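Okay, structure first, notes after.
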Amino acid sequence: MRYLDKTVVGLSIAFLVLLFADFFMAEWVRFMGLQSLARGAVALGLLVLWRTGLVSFGHALYFGIGAYAAAMLTLVGYHDAFFLVFAGTLASGILAYLLGFLLRRYRGIFFALLNMAFSMILYGVIVKTEELGSTDGFSVLAPTFLGYAPEGEAVQTTLFLFTLFFTYIVTVGVHLYLKTTLGGMSMAVRENEIRVEYLGYSAEKVIHVKYVFSGLVAGFGGAIMALAIGQVDPDSMANWNVSGEFVFITILSGIGNVAATFIGAFVFELIRTYAFEYAPLFWQLILGGSLLAIIMFLPNGIWSLVDRLRKSEG
Amino acid sequence: MNFTNKPARAALLATGLAAAIGFSAGAANAAETVVMAVPTFLTGAGAPAFGVPARNGAEVIIEAINKGTLPAPYDKSGKGLAGRQIKALIYDESGGGVKQVAEFRNKVQKQGVDLFVGYISSGTCAAITPVAEELKMLTIFPICGTPRIFEEINTNPKYVFRTMGHATADGVAEAHYVKANLPDVKGYTGINQNYAWGQDSWRDFDLAMKQLMPSVPASDKAQWPKIFSGQYGTEISALMLSKEPLVHSSLWGGDLEAFIFQGAARGLFRKKKLLFSVADTSVYRLGKKAPIGAIIGARGPYGIFAANVDTPLNNWFRKVYSDRYSTLPVGGSYQAAQGVLAAKFAYDKAAAANGGKFPSKDQVIAALEGATYQGIAAKVHMNRSNGHQAATKHMIGVLEWDKEAGGPIMTKVTEFGPDCVMPPQGINGTEWLKGGMKGAKC
């Protein structure tokens with residue numbers, strides 16, 4: 001029962017609950033849930049990096065690559081969600097692998113801003129490409145699922161199941177990985193790289209593995225987002241403020257637990273939706289204000305609430 | 001800290017919470033109102049010169065519809081849309097296509113919107129069109145300029161309408177105007193934003209010029225700044241060095257004003273003749289700093305071009321608007337008002353055909369398809385793209401400063417009929433232009 005800890009049990013229960021809830025949820029909640037899963041996946045990648053002491057201000061790069069790879073494949077006639085999401089994830093993973101050779105040598109602000117620089121190159125390329133709609137982007141048709149072509153509300157229902165399934169597997173996988181020696185190395189790298197090297201591990205390799213992983217899940221999130229919304233554009237997929245949103249979600253969630261990222265992403269969507277609904281002129285202010293409040297009152301993120309709950313119960 | 005052992009309860013709690021929200025909240029809508037979503041730019045570069053005046057124009061009309069104070073020809077149809085009050089949800093259009101599509105779904109599924117009247121940017125309209133058709137949501141675009149909406153994105157629309165002419169009309173009217181007023185021009189270049197509207201504006205102006213003035217060369221170094229970039233230093237340098245004397249520009253809103261300030265400081269307007277497709281929005285805001293002497297348009301007979309239209313509806317609109325907002329209505333205000341009036345017209349007509357009962361969505365759509373109704377400044381003919389795309393007359397003129405009145409004034413105005421500038425029903429604008437504009441009645 002080594003693998004069956006409380007987090008895995010909790011995630012499995014949440015998975016089953018959401019699985020059934022999918023068929024009863026109001027459409028807008030499902031839509032918000034889909035976006036939360038997509039953004040939460042990216043934040044999951046950032047969490048893994050963060051535990052290693054690295055913050056990236058450029059993961060919109062992989063989110064954007066994932067989204068655009070999936071969307072561009074629909075332009076040439078591929079519509080199967082399995083293929084599109086796989087391709088988007090893989091494209092981001094390959095790019096992360098290549099860039100990783102350079103980025104794994106940097107730490108701190110250099111790492112953060114180099115990531116941002118690469119993401120803005122992608123942004124610039126998309127903006128200048130008229131065939132991809134420049135700043136307008138283009139529409140993405142509803143996907144099919146291994147030959148099943150749902151219509152109307154069933155598109156989102158099916159996509160939600162699809163996303164939920166893969167997110168569940170990835171999240172449990174990450175959780176178990178973080179418990180392994182290599183996963184545990186994260187904090188060691190953050191605390192003292194030289195000691196890690198003396199132990200016989202390569203800090204750069206540890207970072208590279210985590211970087212590729214974060215690229216893969218960001219690509220997954222991007223591809224899901226493109227299919228869920230049915231539109232891609234550079235400002236919502238590849239711009240630096242999108243990277244900022246992911247960092248926002250990671251701070252909001254805290255890095256205490258893999259499940260936190262999805263809760264954080266959902267809370268983020270909730271704040272944004274309601275702020276936009278009730279204060280159409282000041283919604284950015286409310287979003288910024290809630291981030292400030294989180295940093296001041298819950299410096300370890302939403303997950304620290306759970307920790308407190310546990311402590312108070314002794 | 002222990003990272004690995006966390007209670008399952010928390011995850012359960014969160015999902016339970018999420019599910020509870022989902023089950024409890026349906027899209028509730030009071031039966032006796034019509035919920036009208038009005039997206040327009042409230043923040044960012046699109047807001048001050050375009051989005052906010054558009055919102056103001058829509059607000060004036062919505063309020064008058066609810067109170068039943070619209071003048072003729074809308075004074076006999078009672079309060080509201082087919083008797084029901086409008087509940088307007090005005091919200092921000094900024095943030096790009098993806099955000100707006102997400103928000104569109106949100107408004108439909110969460111807030112029970114009955115119809116949309118809005119969107120300014122061509123980019124947003126292009127993104128919204130497929131999702132509006134997918135969700136079967138009556139959507140009236142009062143402004144957006146790109147012809148692609150009904151020529152590429154959806155050639156057989158059912159739920160989406162546009163109540164003004166598109167970029168082809170602007171390009172053709174401008175080319176006619178240049179031919180008549182600058183017959184000896186030695187060439188033209190352009191500065192247009194690198195997105196749907198800018199690309200289409202330049203393409204259609206260029207194609208129309210090639211038909212009407214085939215001997216006049218176009219520059220191959222037209223400038224393509226990014227939308228909302230706000231900095232035009234390099235572009236202005238390039239334009240100053242270009243040999244073509246005429247500069248075509250479809251910049252709008254804040255971008256346009258930034259370009260005017262930066263270009264004026266460097267003497268661009270003394271050196272080149274400027275032709276602005278959408279500069280009427282800035283004539284009151286900028287006063288004497290507006291590009292006096294430039295050829296400008298308002299994408300139709302709107303704003304300053306409607307200053308002397310003496311009808312009860314127009315006089316009332318200008319008075320109420322300027323009393324309330326302390327400035328005169330500009331193109332965006334007129335266009336947004338025209339979009340809301342389309343809803344008023346269609347609901348009332350559909351109710352009349354339905355024996356006075358409140359009409360269904362399909363009846364409203366049928367009432368608007370192919371109809372002709374009275375806008376604030378001109379008649380709107382919904383007779384393109386199977387009755388979903390409007391054609392109106394068009395006007396171009398030269399902006400001057402009226403010293404006596406102390407305000408901007410349009411001179412040398414030329415009016416073009418709807419069938420002169422808009423491609424006929426059933427033909428793609430680009431093909432029509434390349435084929436020599438057959439069937440145009442000028």
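Things to note:
- Of the residues screened, B:Lys99 is not one that is more than 10 Å from chain A (Cβ to nearest Cβ), over 16 Å from the mean Cα position of the chain (by Cα) and at pLDDT 85 or above.
- Criterion (at pLDDT 90 or above, out of contact with any Phe, Trp or Tyr (no Cβ under 8 Å at 6 or more places or on another chain) and facing chain B (nearest Cβ under 9 Å)) met by exactly one of A:Ile251, A:Ile224, A:Ile229, A:Ile271: A:Ile229
- Where B:Ala37 falls short, out of the listed (1) over 24 Å from B:Val380 (Cβ atoms); (2) open to solvent by less than 10 Å² (accessible area, probe 1.4 Å); (3) not in a helix (DSSP H, G or I): (1)
- In the stretch A:278-290, the residue that is nearest to the other protein chains (Cβ to nearest Cβ) out of those that are touching a strand residue (DSSP E or B) at 6+ places or on another chain (Cβ under 9 Å) and either open to solvent by less than 40 Å² (accessible area, probe 1.4 Å) or aromatic (Phe, Trp, Tyr) (or both) is A:Pro280.
- Counting only helices (runs of 4 or more DSSP H) wholly contained in the stretch A:229-314, the ones carrying 2 or more residues that are aromatic (Phe, Trp, Tyr) occupy A:240-253, A:258-278, A:283-297.
- Selection status of A:Ser202, polar (S, T, N, Q), crowded, with 17+ Cβ neighbours inside 10 Å and either on the phi > 0 side of the Ramachandran plot or more than 14 Å from chain B (Cβ to nearest Cβ) (or both): no
- Candidate set from the stretch A:121-146 (those that are closer than 18 Å to A:Ser56 by Cα and away from chain B (no Cβ under 13 Å)); member that is most open to solvent (accessible area, probe 1.4 Å): A:Ile121
- Any hit, the stretch A:131-151, residues being assigned to a helix (DSSP H, G or I) and within 27 Å of A:Ile263 (Cα to Cα): no
- Just so you know, in the stretch B:75-93 the residues that are more than 8 Å from chain A (Cβ to nearest Cβ) and open to solvent by less than 20 Å² (accessible area, probe 1.4 Å) include one that is nearest to A:Glu269 (Cα to Cα), and it is B:Glu93.
- Any hit, the stretch A:1-10, residues being open to solvent by 30 Å² or more (accessible area, probe 1.4 Å), within 14 Å of A:Asn257 (Cα to Cα), in contact with a helix residue (DSSP H, G or I) (Cβ under 8 Å, 6 or more places away or on another chain) and at the interface with chain B (Cβ under 7 Å from one of its Cβ atoms): yes
- Residue check, A:Ala71 within 19 Å of the chain's Cα centre (by Cα) and within 13 Å of chain B (Cβ to nearest Cβ): yes
- Tabulated pairs, the stretch A:291-313, first within 12 Å of another protein chain (Cβ to nearest Cβ), second modelled with pLDDT under 85 and part of a helix (DSSP H, G or I), C-beta under 6 angstrom, 6+ apart or interchain: A:Val306/B:Ala10
- Long-range neighbours under 8 Å by Cβ, at least six apart or interchain, first residue under 12 Å from B:Met36 (Cα atoms) within the stretch B:73-88, second of a type in the set (Asp, Glu): B:Leu81/B:Asp348; B:Arg84/B:Glu32; B:Gln85/B:Glu32; B:Ala88/B:Glu59
- Test result for B:Ser215, of a type in the set (S, T, N, Q) and either away from chain A (no Cβ under 14 Å) or more than 23 Å from B:Ile120 (Cα to Cα) (or both): yes
- Residue in the stretch B:386-401 that is crowded, with 20+ Cβ neighbours inside 10 Å, under 20 Å from the mean Cα position of the chain (by Cα) and part of a helix (DSSP H, G or I) present: no
- Number of residues in the stretch A:99-120 that are open to solvent by 80 Å² or more (accessible area, probe 1.4 Å) and within 20 Å of the chain's Cα centre (by Cα) equals 1.
- So B:Leu241, is it in the same structural domain as B:Pro291 (by TED's automatic domain parsing) and either touching a helix residue (DSSP H, G or I) at 6+ places or on another chain (Cβ under 6 Å) or buried (at least 20 other Cβ atoms within 10 Å of the Cβ) (or both): no
- Only listed residue being part of a loop (DSSP other than H, G, I, E, B), open to solvent by 50 Å² or more (accessible area, probe 1.4 Å) and of a type outside the set (Asp, Glu), chosen from B:Gly439, B:Gly370: B:Gly439
- Meets criteria (assigned to a loop (DSSP other than H, G, I, E, B) and either open to solvent by less than 50 Å² (accessible area, probe 1.4 Å) or within 14 Å of another protein chain (Cβ to nearest Cβ) (or both)) for B:Ala72: yes
- If you go through the stretch A:41-91 and keep only what is assigned to a helix (DSSP H, G or I) and without any contact (Cβ under 8 Å) to a residue 40 or more places away in the chain, you end up with A:Leu73, A:Phe83, A:Phe86.
- Qualifying positions in the stretch B:354-367 - in a loop (DSSP other than H, G, I, E, B), surrounded by fewer than 19 Cβ atoms within 10 Å (Cβ to Cβ) and not small (Gly, Ala, Ser): B:Asn354, B:Lys357, B:Phe358
- Cβ-Cβ under 8 Å pairs, at least 6 apart or on other chains, the stretch B:179-199 side open to solvent by 20 Å² or more (accessible area, probe 1.4 Å), far side of a type in the set (Lys, Arg): B:Asn181/B:Lys412; B:Leu182/B:Lys273; B:Val185/B:Lys273; B:Lys186/B:Lys243
- Residues satisfying the stated conditions in the stretch B:287-320, i.e. more than 14 Å from B:Glu400 (Cβ to Cβ) and open to solvent by less than 10 Å² (accessible area, probe 1.4 Å): B:Gly297, B:Ala298, B:Gly300, B:Pro301, B:Tyr302, B:Gly303, B:Ala306, B:Leu313, B:Asn314, B:Phe317
- Checking each residue in the stretch A:19-40 for being outside any loop (DSSP other than H, G, I, E, B), among the aliphatic types (A, V, I, L, M) and either more than 9 Å from every other protein chain (Cβ to nearest Cβ) or more than 17 Å from A:Gly221 (Cβ to Cβ) (or both) picks out A:Leu19, A:Ala21, A:Val29, A:Leu34, A:Leu37, A:Ala38.
The values are calculated or read from the model by the stated rules, or taken from the named source; none is laboratory data. If you're wondering where the values come from, they're calculated on a predicted model, not measured in any experiment. Every residue, glycine as well, gets a Cβ built from its backbone with ideal geometry; the counts of neighbours run over all protein chains shown. Side chains included, ligands, DNA and RNA excluded: accessible areas come from the protein's heavy atoms. Shrake-Rupley method; radii C 1.70, N 1.55, O 1.52, S 1.80 Å.
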